[in-house]
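Chemist: Got a structure here, written out as structure tokens. Questions coming.
We did not get these values from a lab; they are worked out from the coordinates using the rules stated. On a predicted model such as this, the values are computed, not experimentally measured, just so you know. Quick reminder, even Gly has a Cβ in these numbers, built from the backbone with ideal geometry, and neighbours come from all protein chains shown.
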């Protein structure tokens with residue numbers, strides 16, 4: 001066996017193993033996205049049927065549906081573009097904190113300074129969204145050249 005033959009075999013094996021590896025990674029990626037999307041839809045349907053059986057929806061229930069909507073949109077965008085929209089994660093966190101704030105206000109009738117923690121966190125997340133949007137506009141990921 002000559003050196004050229006060995007090198008050629010090595011290159012063929014390398015291309016073959018990379019092709020198989022990419023196929024397996026893509027298959028896992030798509031399967032995981034479908035599983036996550038299915039879990040989101042399933043959870044949203046269960047939450048919605050729970051609201052329907054109560055014959056009314058609270059603001060917490062509606063905010064929970066918005067969280068499911070944002071998670072579903074995030075999976076859809078990730079499925080189409082292969083980019084994780086970080087802003088959507090921040091939106092989910094903001095909605096979840098709003099839900100916590102509403103629940104806290106409904107259960108605790110006496111106000112104190114601890115009620116300011118959730119709005120403070122929402123403000124920080126809003127500023128983080130501003131920074132992410134500015135950064136993605138000023139320094140886009142897909143720069144030519």
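Chemist: Sort the following peptides by mean Cβ neighbour count (other Cβ atoms within 10 Å, averaged over residues), highest first: 87-98, 50-61.
Modeler: The peptides rank, most packed first, as 87-98, 50-61.
Chemist: Once the convex hull of the alpha carbons of the stretch 70-145 is built, what does its volume come to per residue, in cubic angstrom? Don't skip to the end; give the middle numbers.
Modeler: On the way: hull volume 5.7 nm³, N = 76.
Hull volume over Cα atoms, normalised by residue count, gives 74 Å³.
Chemist: A further question follows. Output the 0 to 90 degree angle, nearest 10, between the alpha-carbon long axis of helix 117-138 and the longest principal axis computed from the alpha carbons of the chain.
Modeler: 40 degrees
Chemist: Take the alpha carbon atoms of the stretch 95-145, find their center, do the same for the stretch 20-65, and report the distance between the two centers in whole angstrom.
Modeler: One Cα centre to the other: 23 Å.
Chemist: Please determine, in degrees from 0 to 90 and to the nearest 10, the orientation of helix 86-107 with respect to the longest principal axis defined by the Cα atoms of the chain, where the helix direction is its Cα long axis.
Modeler: Computed tilt is about 20 degrees.
Chemist: Which entry in (1) 2, 8, 11, 13, 13, 12, 11, 8, 6, 5, 4, 3, 2, 2, 1, 1, 0; (2) 2, 8, 14, 17, 18, 16, 13, 8, 3, 1, 0, 0, 0; (3) 2, 10, 21, 24, 21, 13, 6, 2, 0 is this structure's computed P(r) over Cα pairs in 5 Å bins from 0, in percent?
Modeler: This structure yields the entry labelled (1).
Chemist: Just to confirm the number: angle between the C-alpha axis of helix 3-54 and the first principal axis of the chain, 0 to 90 degrees, nearest 10?
Modeler: Relative to the chain, helix 3-54 is tipped by roughly 20 degrees.
Chemist: To the nearest 0.05, what FRET efficiency results for residue 26 and residue 62 with a Förster distance of 41 Å applied to their C-beta separation? Present the calculation step by step, with values, prior to reporting the outcome.
Modeler: On the way: r = 37 Å, r/R0 = 0.90.
FRET efficiency, residue 26 to residue 62: 0.65.
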